[in-house]
1. Using DSSP to call loops (not H, G, I, E or B), can you name the GluC sites (Glu not before Pro) in the range 53-145 whose Cβ has at most 15 other Cβ atoms within 10 angstrom?
2. Place a label point 7 angstrom from the Cα of Y132 along the Cα-to-Cβ direction, then list the residues of the range 78-122 whose backbone nitrogen is under 14 Å away.
3. Which of M84, M141 comes first, and how do the rest follow, when ranked by fewest Cβ neighbours within 10 Å?
4. List V102, V81 from most exposed to least, where exposure is judged by having the fewest other Cβ atoms within 10 Å.
5. Any idea what the dipole of the range 26-144 comes to, in debye rounded to 20, about its Cα centre with Lys/Arg Cβ at +1 and Asp/Glu Cβ at -1?
6. Given 4 °C and 1.567 mPa s, how large is the Stokes-Einstein diffusion coefficient of the range 26-144 in µm²/s, with Rh as the Kirkwood radius over Cα pairs?
7. Counting other beta carbons within 10 Å of each residue's own, what order do L112, L117, L52, L124 fall into, fewest first?
8. So what is the relative contact order for the range 26-144, in percent, with contacts set as C-alpha pairs under 8 Å and at least six apart?
Amino acid sequence: MRRYYPFLIVMIAGLGLMSCQDDTPYYDVRDEYIGDYDVADDCDAFSSDYALTVFKEGNDNEIIFGFPGLYETGYEVVALVTGMKITIPIQQFVVATWPAEVIYEFSGSGALDGDILTVDYQVLTIQNGLIYDDVDCIATMTRVY
């Protein structure tokens, strides 16, 4: 019986350690942003109302503004989530290549407060490497249930 004591002690210790595993469910902060939104886009020269879907895909901190996208360009703009704040890193989309190369460049930031996501963003229109237009926008996005 004495030679089984070490084995018995190891088994009891192993069961004790297994019962101490963290059973906390995984929480993804991006889930706070996911859903359908009605958007009131207020830009320098115009205002626009439209609907879009925010979804998550890829990295652990990315959300995507789905079709029709911010500024209604048709491009899926990516934002990085940090708690209840987002950052839109600089990203470019080719609009045309002929007769001239035209690119939209997005950047910005935003914050979520309950069901309202406010996004302050900038769209540069770049033609042949030169900034052709610079538009500042504030999108007030209200979640739709």
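Here, each number is a calculation from the coordinates, and none is a lab measurement. Note that the coordinates shown come from a computational prediction; the quantities given were computed from them, not determined experimentally. Cβ placement follows ideal geometry from the backbone for every residue including glycine, while neighbour counts extend to all protein chains displayed.
1. Here the GluC sites (Glu not before Pro) that fit, given the DSSP loop and packing criteria, are E57, E101.
2. Taking a point 7 Å out along Cα→Cβ of Y132, the residues of the range 78-122 whose backbone N falls under 14 Å are 93-105.
3. Placing the least packed residue first, the sequence is M84, M141.
4. Numbers: V102 17, V81 22.
Going from least to most buried by this count: V102, V81.
5. On the way: 4 positive and 22 negative charges, 47 e Å.
Here the size comes out at about 220 debye.
6. Values: Rh = 14.6 Å.
Value of D from the Cα-based Kirkwood radius: 89 µm²/s.
7. Values: L112 19, L117 25, L52 22, L124 16.
Going from sparsest to densest Cβ surroundings: L124, L112, L52, L117.
8. Details: 284 pairs, mean separation 26.2, N = 119.
Computed value for the range 26-144: 22 percent relative contact order.
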